[in-house]
Amino acid sequence: MNVIEIKDLHKVYTMGDTEVRALNGVSLQIAAGEFVAIMGASGSGKSTMLQILGLLDIPTSGSYKLLGKEVSTLQEDALAAIRSQTLGFIFQMFNLLGRTSAVEQVSLPLLYSNPNMPHDDPKELLKMVGLGERLGHKPNELSGGQQQRVAIARALTNKPKLILADEPTGNLDSKSSEDIIGFLGKMNASGITIVLVTHEPDIAAHARRIITMKDGNVLSDEQNPKSTIPPPLHPLLSDTTDPSLSNSTFSFRNVKEYFRQAFRALTANKVRSILSILGVMIGVSAVIGGQAIGTGAQISVQQQLSSLGTNLLMLMPGSIQVGGVQQGVGGTSRITLQDVDAIASVPMVKRVAPELSGHVQVTYADKNWSTSLVGTTPNYAEMKSYQPIYGRFISDTDVQTRNRVCLLGITVIKNLFGDNANPVGQWIKINRVNFQVIGVLPVKGSNGFQDRDDAIVVPVTTAMYRLLGKLYVSSVDVEADSTDDTGPASDAVKNFMLKQKHIPNIPGSENAFQVRNMADIQATLSASTQIMTVLLSSIAAISLLVGGIGIMNIMLVSVTERTREIGLRKAIGARRIDILSQFLIESVVVSLLGGLFGILLGWSFSQIIHLSLNWPTVVTPTSVIISTVFSALVGVVFGIWPAYKASRLSPILALRYE
Ligand code: ADP
Ligand code: MG
């Protein structure tokens, strides 16, 4: 039986208007065990012929039977299976992978074949071609002749029935050429059919049959009696190709190998890889950092609020001034100290504390600090957990006499007195008025918006008449008798105030005062921390997107650069899915590395924020998991197009790519 049987084969290349008839109705049979040389002038169609025989290219028309099976109509993956199991290629340019050791080059065909198929040991093959001492050498560490011997060993890995060689000696000196012909002779002796394209008569002279081509057709086809290579005793013929034995499973072995190759490709272009990793890294660290700050703020807001009693209410002047001068009905929603005293007698109200807040400048010796001030009464200490950690709180006498005494938060102390000083008993100036420090406020930490230890507490009367010159308080803290009473108490306080201020009962008047309980305040605060988190996250998402586009860009460049490599992989049996996975894994590796470093950077960033600004930050496991998954997704999403592009390359166009 014949290994090769072609009938009336045509190959037409159309380039614009002109048609190039590279093959013009060739018919030919090659029997098992033959050693054929194809000769002819340049452009006569030799390479085109060999590529079609090797299933790297498809004929325009005509029939091709390989080992008795019609192959001209098969799909690409079926062709890949046959290439992997039946064919071996040797090219003029060797087509070895860069930065890859000889033994890895020879092992490469195994990656694309089923492990149950017969194959040879790559090390043994290299020994056979005389490179037993060069297993670990890379192409740039081998001579041309040695590189071609590696390529020969690679062609033999999967025990082919047919070897196709296109000008294998074209780039070699005569000594190396003789070696290569010697190896081809040996393979032929073991039963493998050899088809060799050459334009050198002394190389062709080794073959037992010489076909000469001219203008896309066979000019002459003769036996060569002078050949020194004896015909094989047992030509390999039987068709054991089985597409179901193609490497259909996506095995762990392959994935591991793809990861190894991805790392190799990445280290080959270090600067480029680092830049694209950097893109993802910045995006992910922004996600982690933003989440950490947002979550920290939320948690600390919740902690602060829950440490205050749930039966606290807060009364504030409303946003609308009802009545007013225009209507001449009188009534104002501003709250005086007398109002505060009166509220204390409203039913269900246990106690009250006014708050007057303002901004002040404090000085001690040559130190100067700007901070916020609260004027209040003794009730404040218990109602809002402000019992001093040193000294005493303000007393009723202080309030009655407008005493110039104050309590300082630790941030103020640090800035005026230094780290470990006890300020109690010292005199400072608040807005140029002398004050004596009587106590130190408890440590409250930050809530992500403000440092709550950056504060001063003074008697409310002192604040009104000596410091801020105001006749009204900013708000009143009201404690209800019990948590259940907060609803009714809130209504009672509001109605009391409306009556107290003679605010007429007209639509909108209910807005003259606001009473909020802790649940309201909590909801408002967590809404604003959520907005902050969303804002930070969307900035992060945009930078991740930019990072992803960077990866896509790099992968597209990489696909173009490695077009020949893709062609070679396809020639030795890689299917589309193999190429696709290889490039996809590469971009996922880039983005995962970016993700990993991004998590580290984001975490360090949030630690720095925490330590330097005393902001609460929490890196949650969820945000770590989300950014890992997200960065892997970025790799897949932005890598899929370049990988798809690579997998669709036609093997022969890829191999011929300059
Ligand atoms: P040989 O190997 O004998 O030198 P080829 O088989 O490479 O010749 O080419 C045969 C003819 O087909 C040449 O005229 C060449 O210009 C043309 N040809 C080969 N490949 C292509 C292609 N991809 N597109 C257009 N023309 C091509
Ligand atoms: Mg050629």
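Here are a few things to note about the model shown:
- Where L233 falls short, out of the listed (1) open to solvent by 40 Å² or more (accessible area, probe 1.4 Å); (2) within 13 Å of ligand 1 (Cβ to nearest atom); (3) of a type in the set (A, V, I, L, M, F, W, C): (2)
- Looking only at residues of the stretch 165-189 that are under 20 Å from G54 (Cα atoms) and among the polar types (S, T, N, Q), we find that the one that is nearest to the chain's Cα centre (by Cα) is T169.
- Of the strands (runs of 3 or more DSSP E) contained entirely in the stretch 427-508, those carrying at least 1 residues that are out of contact with any strand residue (DSSP E or B) (no Cβ under 9 Å at 6 or more places or on another chain) and in the same structural domain as Q338 (by TED's automatic domain parsing) fall at 433-440.
- Output for the stretch 183-215, where each listed residue is open to solvent by 10 Å² or more (accessible area, probe 1.4 Å), over 18 Å from K159 (Cα atoms) and assigned to a helix (DSSP H, G or I): P201, D202
- Qualifying positions in the stretch 48-63 - away from ligand 2 (no atom under 13 Å from the Cβ) and of a type in the set (D, E, K, R): none
- Test for K11: is it of a type in the set (K, R), part of a strand (DSSP E or B), within 16 Å of ligand 2 (Cβ to nearest atom) and buried (at least 17 other Cβ atoms within 10 Å of the Cβ): yes
- Here D491 fulfils each of the conditions (1) open to solvent by 70 Å² or more (accessible area, probe 1.4 Å); (2) within 50 Å of the chain's Cα centre (by Cα) apart from (2).
- One residue alone among L55, L28, L50 is within 30 Å of K186 (Cα to Cα), away from ligand 1 (no atom under 12 Å from the Cβ) and under 47 Å from the mean Cα position of the chain (by Cα), and that residue is L55.
- Every residue from the stretch 356-383 that is under 50 Å from the mean Cα position of the chain (by Cα), part of a strand (DSSP E or B) and surrounded by 15 or more Cβ atoms within 10 Å (Cβ to Cβ): S357, G358, V360, V362, W369, T371, S372, L373, V374
- Taking each residue of the stretch 196-214 that is without any contact (Cβ under 8 Å) to a residue 12 or more places away in the chain and looking for partners that are away from ligand 2 (no atom under 16 Å from the Cβ) with beta-carbon atoms closer than 9 Å, six or more apart or interchain, yields D202/S174; D202/S177.
- Residue list for the stretch 88-107, filter: surrounded by 17 or more Cβ atoms within 10 Å (Cβ to Cβ) and either small (G, A, S) or not assigned by TED's automatic domain parsing to the domain that holds K127 (or both): G88, S101, A102, S107
- Residue satisfying all of: in the stretch 171-182; surrounded by fewer than 16 Cβ atoms within 10 Å (Cβ to Cβ) and of a type in the set (G, A, S); nearest to ligand 2 (Cβ to nearest atom) among these: S174
- For the stretch 540-577, a residue qualifies if it is of a type in the set (D, E) and either farther than 29 Å from G54 by Cβ or open to solvent by less than 50 Å² (accessible area, probe 1.4 Å) (or both), and exactly one does: E565.
- Identity of the residue in the stretch 413-438, in contact with a Phe, Trp or Tyr (Cβ under 6 Å, 6 or more places away or on another chain) and open to solvent by less than 20 Å² (accessible area, probe 1.4 Å), that ends up nearest to P388 (Cα to Cα): P423
- Those residues of the stretch 156-170 which are away from ligand 2 (no atom under 16 Å from the Cβ) and open to solvent by 10 Å² or more (accessible area, probe 1.4 Å), in sequence order: L156, N158, K159, K161
- In the stretch 14-47, the residues that are part of a strand (DSSP E or B), aliphatic (A, V, I, L, M) and within 14 Å of ligand 2 (Cβ to nearest atom): V20, A22, L23, A37, I38, M39
Condition check ((1) of a type outside the set (S, T, N, Q); (2) out of contact with any Pro (no Cβ under 9 Å at 6 or more places or on another chain); (3) closer than 20 Å to L649 by Cβ) across all residues:
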| residue | (1), (2), (3) |
| --- | --- |
| S47 | no, yes, yes |
| Y64 | yes, yes, no |
| F91 | yes, no, yes |
| G98 | yes, no, yes |
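- Residue count for the stretch 309-367 satisfying the condition of being closer than 14 Å to E479 by Cα and either polar (S, T, N, Q) or at pLDDT below 80 (or both): 4.
- Test: residue in the stretch 640-651 that is free of Cβ contacts under 8 Å to residues at least 12 places away in the same chain, outside the structural domain of L56 (by TED's automatic domain parsing), more than 22 Å from S276 (Cβ to Cβ) and surrounded by fewer than 20 Cβ atoms within 10 Å (Cβ to Cβ): no
- Single condition T524 does not satisfy, out of (1) at positive phi; (2) in a helix (DSSP H, G or I): (1)
- Hey, L580 open to solvent by less than 50 Å² (accessible area, probe 1.4 Å) and within 16 Å of L556 (Cβ to Cβ) or not: yes
- The stretch 411-425 residues that are in a helix (DSSP H, G or I), paired with ones that are surrounded by 12 or more Cβ atoms within 10 Å (Cβ to Cβ) and of a type in the set (S, T, Y) (beta carbon under 7 Å, 6 or more apart): V412/T371; L416/Y364; F417/Y364
The values are calculated or read from the model by the stated rules, or taken from the named source; none is laboratory data. Because the structure is a prediction, the values reported are computed rather than measured. Neighbour counts run over all protein chains shown; Cβ positions are idealised from the backbone, glycine included. What goes into the accessible areas is simple: the full protein's heavy atoms, side chains included, and nothing from ligands, DNA or RNA. Shrake-Rupley method; radii C 1.70, N 1.55, O 1.52, S 1.80 Å.
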